[in-house]
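Taking it in order: structure first as structure tokens, then the write-up.
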Amino acid sequence: MDIKEKIRVIEDFPVEGISFKDITTLLSDGEAFNFSINEMIKMVGNLEFDLIVAPEARGFLIGAPMSFQMRKPFVPIRKKGKLPFETLTYEYELEYGTDILEVHNDAIKPGDKVLIVDDLLATGGTVGAIVEMVEKLGGEVVGLEFLIELDFLKGRDLLKGYRVESLIQY
């Protein structure tokens, strides 16, 4: 199945010059969505890990079904103020400004082997922040899995030294 065909590309969204990869069309096709999740699980292969970490919101759409099928715990990374318990708060730089992510302090234990999953690897800024959060809590990042990778933005370069896999490349 050609998953790329199931992803709608919207030019000049959210701003002029951006070619947005809309995964809602993939999600609305049950067979294609199931196939994509299964293919991402195959990419993981025999990698040993304890839990899956994924950022809101679209990362949840990929990470949670993988976690469910693989019977692994799921740890959400949320925007500031969305988690009810004590959190590790992490502010990081974006192209134009900053963003803040949070994770529960007790969600990742020292020595946990962590697989980070997201829908998209672009510049690598968000996933780079998540890697730092996991490591600050004592977790070991053993892999990074993405549904889509925008090769031309070279986000992979920011993640040197980590295992990075993507199902679809643009």
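Some observations on this one:
- For region 119-153, filtered to residues that are of a type in the set (Val, Ile, Thr) and over 11 Å from the mean Cα position of the chain (by Cα), the residue that is surrounded by the fewest Cβ atoms within 10 Å (Cβ to Cβ) is THR123.
- Residue check for ASP12: charged (D, E, K, R), at pLDDT below 95 and either touching a helix residue (DSSP H, G or I) at 6+ places or on another chain (Cβ under 6 Å) or loosely packed, with under 11 Cβ neighbours inside 10 Å (or both): yes
- Within region 125-150, residues that are free of Cβ contacts under 8 Å to residues at least 12 places away in the same chain reach partners that are of a type outside the set (Asp, Glu) with beta carbons closer than 7 Å, at six or more positions or on different chains, in the pairs GLU135/VAL141.
- Boolean, LYS79 is exposed (fewer than 15 other Cβ atoms within 10 Å of the Cβ), under 28 Å from MET133 (Cα atoms) and under 16 Å from the mean Cα position of the chain (by Cα): yes
The values are calculated or read from the model by the stated rules, or taken from the named source; none is laboratory data. These numbers were taken from a predicted model, which means no experiment stands behind them. Every residue, glycine as well, gets a Cβ built from its backbone with ideal geometry; the counts of neighbours run over all protein chains shown.
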